[in-house]
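Below is one structure, written out as structure tokens; comments come after it.
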Amino acid sequence: MGFAMTLANAMLVFRKDWMEIRRNSQVLAPILIVPLVFTVVLPLIVILVPSVIGMPETAYQGVGTIFENLPPDIKAIVEGMSAQQSMTYIFALYFFAPFFLIIPIMASSVLASDSFAGEKDRKTIEALLATPLTDGELLLGKILVSFVPSMAVTISAFALYCVVVDVSSFSLFNGAILLPNLLWAALIFLVTPLVALAGIGITVMVSLRVKGYREAQQLSAILVLPVLGLIFGQIGGVIMFGTTMIMLLVAGFAVTDLILFRVGLRVFRREEILMKSV
Amino acid sequence: MPVISVSGLSKSFGGLDAVSGLSFDVEEGEIYGLLGPNGAGKTTTVRMLACIISPSGGTAAVAGHDIRADPVAVRRSVGVLTESPSLYERLTAEENLTFFARAYGMTDDRKVSGRVKELLQFFQLWDRRGEKSAVFSKGMKQKLAIARALVHDPPVIFLDEPTAGLDPEASKLIRDLITEMSQKERHTIMLCTHRLEDAEKVCSRVMVVNMGRRVVVGSPDEIRSEVAGKAKLEVMVANPSTALVEAAASVAGVSAGAIAENGRLIFELDDLNAATPLVVRALVESGARVLTVNTFLPSLEEAYLRLIKGDGWDSR
């Protein structure tokens with residue numbers, strides 16, 4: 001009964017926030033446009049442009065360093081492929097993977113900023129805190145409204161990415177289907193939920209200490225930096241998307257989430273929230 | 001038994017005492033005013049009593065629930081009009097009220113929609129129920145915010161500056177509503193304001209606070225007469241003279257008399273209604289040709305300003 005009540009009240013907050021969010025283009029625009037760039041625009045540039053305009057073999061020399069740094073097992077897979085096939089294969093299946101960490105981070109931090117700090121901005125927080133809803137119900141409702149749409153966007157983006165990659169590389173690989181595969185499924189269904197939760201956790205704590213949505217979002221943008229590190233790490237050959245990276249990401253983000261939510265629960269007090277907004 | 005009972009309530013922010021040892025009781029159906037300048041501690045007091053923030057010291061019971069021991073029960077029993085309307089501007093009027101009805105624990109869909117309709121009709125917002133509150137005028141937003149405070153029909157209502165920024169017509173509408181809620185529905189209302197007109201017209205008792213401390217408590221009439229001085233009688237005569245003043249000043253109930261610069265005779269009276277005819281008669285019998293007679297009650301504003309400036313008035 002206790003948990004059912006908590007969940008019902010959290011869902012009340014979730015539905016109210018969701019109604020507000022879907023009427024706010026300032027929030028919807030980035031969480032729809034950024035995934036479209038990562039799942040449609042960039043893959044099409046990398047896969048379709050060379051095949052349409054016919055890139056010479058020398059054009060692929062620019063990415064030679066990346067190929068040299070590939071782990072032996074991936075090198076073995078692409079060994080028999082043409083230059084265009086190997087570039088498409090490597091980029092589509094490995095190098096775009098970290099972008100799918102940026103999507104949940106960006107979406108969750110934008111949504112959480114609006115849900116937490118946005119209430120301060122719009123001066124609606126005091127009426128909400130005056131209700132009998134408990135701190136836990138408010139926190140859970142606001143986490144859900146940041147988490148559920150973030151994951152919906154991430155999973156939809158992944159589905160779209162699979163279609164874009166498979167359709168655009170269909171003739172290049174003689175009808176072979178590249179995605180989805182087990183590694184990507186692990187990335188999307190194991191890693192990205194933990195990443196989204198980390199984004200929410202950091203944004204909640206930032207939101208408690210700032211006065212408005214923009215400030216919260218700007219500070220939360222710092223979350224993208226470690227992901228950029230992954231992208232450059234791959235280019236430099238230091239790390240490569242694979243089973244080991246998935247396991248490290250799961251372990252790293254699980255620990256991070258645990259710490260963030262323990263601290264978050266301790267600092268999420270209605271008085272603190274109200275006082276930091278005035 | 002008081003519906004609100006406050007004892008030694010205090011709140012400090014860092015080293016600053018926002019509220020210091022307030023104690024008072026509010027009876028059922030009473031409209032109790034908290035009057036004071038900006039920063040006096042009115043909003044902080046209401047926030048503590050509505051369990052939005054916790055006190056640093058003292059205690060209080062609201063609608064029978066201790067604010068420290070059972071804050072959720074207190075929140076369920078009170079409706080709060082916050083300093084700003086605090087409305088979700090992307091939600092419609094109906095969506096705003098429905099959300100808060102459910103947040104205050106109303107679970108029956110038919111009861112929720114019935115109550116929402118009742119309030120929107122009462123506040124003449126029913127025809128605009130489907131519009132986002134962002135497009136509402138300030139007066140409409142304030143009415144919707146008051147409707148939100150009433151949506152769960154709480155026994156205790158805290159109204160923080162309910163007429164702030166409203167035009168005179170809208171202000172009157174809100175004042176009439178407050179009086180009606182108190183008289184007809186026996187809601188206990190605590191009204192925070194620095195608008196003396198509001199306090200004077202609707203409050204049965206007023207507590208003046210300044211710098212977090214209680215300055216005085218009483219009905220507006222008591223405070224006005226005790227702090228701002230006595231009622232005045234101004235008589236314009238065709239033949240002003242010191243002899244006339246002396247003749248009238250000897251009447252029982254007249255505490256002082258003088259000739260003003262404009263030639264009018266001014267008397268301070270202990271009891272306006274009893275002494276006025278006696279003074280006029282004494283003047284006429286002494287040969288005065290009376291042209292006009294005016295009486296003046298000291299305003300609550302005079303009393304308030306004296307209190308706030310600490311003009312020789314002891315806090316009690």
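Reported count of residues in the stretch B:118-141, each being more than 26 Å from the chain's Cα centre (by Cα), in a helix (DSSP H, G or I) and either within 14 Å of chain A (Cβ to nearest Cβ) or touching a residue at least 12 places away in the same chain (Cβ under 8 Å) (or both), is 4. Answer yes or no as to whether B:A50 is out of contact with any Leu (no Cβ under 7 Å at 6 or more places or on another chain) and within 14 Å of chain A (Cβ to nearest Cβ). It is true that B:A50 is out of contact with any Leu (no Cβ under 7 Å at 6 or more places or on another chain) and within 14 Å of chain A (Cβ to nearest Cβ).
Within the stretch A:70-115, the set of residues being part of a loop (DSSP other than H, G, I, E, B), farther than 30 Å from A:V206 by Cα and not hydrophobic (A, V, I, L, M, F, W, C) comprises A:P71, A:E79, A:G80, A:S82. Among the conditions (1) assigned to a helix (DSSP H, G or I); (2) surrounded by fewer than 22 Cβ atoms within 10 Å (Cβ to Cβ); (3) touching a residue at least 40 places away in the same chain (Cβ under 8 Å); (4) within 14 Å of chain A (Cβ to nearest Cβ), B:V112 misses just one, which is (3). Kindly evaluate B:A61 against the criterion of being more than 9 Å from every other protein chain (Cβ to nearest Cβ), assigned to a strand (DSSP E or B) and under 17 Å from B:I189 (Cα atoms). So B:A61 fits the description; yes. Looking only at the stretch B:68-103, residues that are facing chain A (nearest Cβ under 7 Å) and polar (S, T, N, Q) come to 3 in all.
I want to confirm something. Restricting to the stretch A:27-55 and keeping residues that are in contact (Cβ under 8 Å) with a residue 40 or more places away in the chain and not aliphatic (A, V, I, L, M), which single residue is farthest from the other protein chains (Cβ to nearest Cβ)? Going through the qualifying residues, I end up with A:S51. Candidates are the residues of the stretch A:139-154 that are within 14 Å of another protein chain (Cβ to nearest Cβ) and within 19 Å of the chain's Cα centre (by Cα); the one that is nearest to B:A73 (Cα to Cα) is A:K142. Looking only at the stretch B:19-38, filter to residues that are small (G, A, S) and closer than 16 Å to B:R175 by Cα; which one of those is modelled with the lowest pLDDT? Ranking the qualifying residues of the stretch B:19-38, first place goes to B:G29.
Among the numbered conditions (1) out of contact with any helix residue (DSSP H, G or I) (no Cβ under 9 Å at 6 or more places or on another chain); (2) farther than 30 Å from A:M81 by Cα, tell me where A:G201 comes up short. Here A:G201 meets the rest and fails (1).
Determine, yes or no, whether B:G79 is touching a Pro at 6+ places or on another chain (Cβ under 7 Å) and assigned to a strand (DSSP E or B). The answer is yes for B:G79. The set of residues in the stretch B:40-53 being touching a residue at least 60 places away in the same chain (Cβ under 8 Å) and more than 21 Å from B:I178 (Cβ to Cβ) consists of B:G41, B:T44.
In the stretch A:234-263, which residue that is assigned to a helix (DSSP H, G or I) and modelled with pLDDT under 85 is nearest to A:L208 (Cα to Cα)? Going through the qualifying residues, I end up with A:Q234. Before we move on, is A:V110 touching a residue at least 60 places away in the same chain (Cβ under 8 Å) and more than 14 Å from chain B (Cβ to nearest Cβ)? Yes; evaluated as a whole, the condition is true for this residue. Screening the stretch B:142-166 for residues that are assigned to a loop (DSSP other than H, G, I, E, B) and closer than 21 Å to B:T45 by Cβ and picking the one that is farthest from the other protein chains (Cβ to nearest Cβ) gives B:T163. The residue that is farthest from the other protein chains (Cβ to nearest Cβ), counting only those in the stretch A:1-19 that are without any contact (Cβ under 8 Å) to a residue 40 or more places away in the chain and under 23 Å from the mean Cα position of the chain (by Cα), is A:R15.
Within the stretch B:1-44, how many residues are of a type in the set (A, V, I, L, M), in a loop (DSSP other than H, G, I, E, B) and more than 13 Å from B:R213 (Cα to Cα)?
2
For (1) under 14 Å from the mean Cα position of the chain (by Cα); (2) modelled with pLDDT of 95 or more, each residue gets a yes or a no:
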position	(1), (2)
A:F96	yes, no
A:S113	no, no
A:R122	no, no
A:E137	no, no
A:S156	yes, yes
A:L160	no, yes
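Based on what the data block shows, is B:S86 touching an Asp or Glu at 6+ places or on another chain (Cβ under 7 Å), outside any helix (DSSP H, G or I), in contact (Cβ under 8 Å) with a residue 24 or more places away in the chain and small (G, A, S)? Yes.
Do we have B:E95 as in a helix (DSSP H, G or I), assigned by TED's automatic domain parsing to the domain that holds B:A170 and more than 30 Å from B:S12 (Cβ to Cβ) here? So B:E95 passes the test.
The values are calculated or read from the model by the stated rules, or taken from the named source; none is laboratory data. Because the structure is predicted, anything quoted here is derived from the model rather than measured. Note that each Cβ is placed from the backbone with ideal geometry, even for glycine, and that neighbours are counted across all protein chains shown.
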